[in-house]
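J.: Quick one: structure below, then a few questions.
The values are calculated or read from the model by the stated rules, or taken from the named source; none is laboratory data. If you're wondering where the values come from, they're calculated on a predicted model, not measured in any experiment. FYI the Cβ positions are ideal-geometry reconstructions off the backbone, even for glycines, and counts take in every protein chain you see. Just the protein is used for accessible areas: all its heavy atoms, side chains included, with ligands, DNA and RNA removed. Shrake-Rupley method; radii C 1.70, N 1.55, O 1.52, S 1.80 Å.
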Amino acid sequence: MLSTAALALTGSAAAASPGEEPCRISVGTAVIRHTPSKTAPKAGVGRLDQKCRFHGYSRDVNWAHITMKGSGVDGWVDRHSVSTAKEELAPSGP
């Protein structure tokens with residue numbers, strides 16, 4: 001019989017590190033910046049429905065820290081440019 005820890009590692013959440021969750025780009029094009037600022041240099045670009053890892057928000061909650069799956073580009077995007085798994089699973093009605 002598998003231990004609880006072994007069972008936890010077999011689920012889909014095993015791919016996420018502690019403090020991370022799956023996300024996806026929810027706009028046509030999301031500019032990924034090196035720092036949470038519109039004037040910061042571009043680190044890359046994310047396209048609609050591309051998968052990423054969400055690490056958290058900036059202190060002012062205007063920017064989301066992400067890492068793109070596949071390319072590994074790490075940086076900051078406008079918080080409205082991504083949708084996290086928790087947001088997608090949250091009830092939308094009363």
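J.: If residue 32 satisfies every condition in (1) part of a loop (DSSP other than H, G, I, E, B); (2) more than 16 Å from residue 20 (Cα to Cα) but one, which is the exception?
T.: Result: residue 32 passes all but (1).
J.: Could you grab me the full set of residues in the range 65-74 that are open to solvent by less than 50 Å² (accessible area, probe 1.4 Å), of a type outside the set (A, V, I, L, M, F, W, C) and within 10 Å of the chain's Cα centre (by Cα)?
T.: The initial filter retains those residues of the range 65-74 that are open to solvent by less than 50 Å² (accessible area, probe 1.4 Å), namely 65-68, 72-73.
Within this subset, residues satisfying the condition of being of a type outside the set (A, V, I, L, M, F, W, C) are 65, 67, 72.
The answer is 65, 67.
J.: Select from the range 1-29 the residues that are farther than 16 Å from residue 70 by Cβ and assigned to a strand (DSSP E or B) and write down the one among them that is modelled with the highest pLDDT.
T.: Ranking the candidates gives 29 first.
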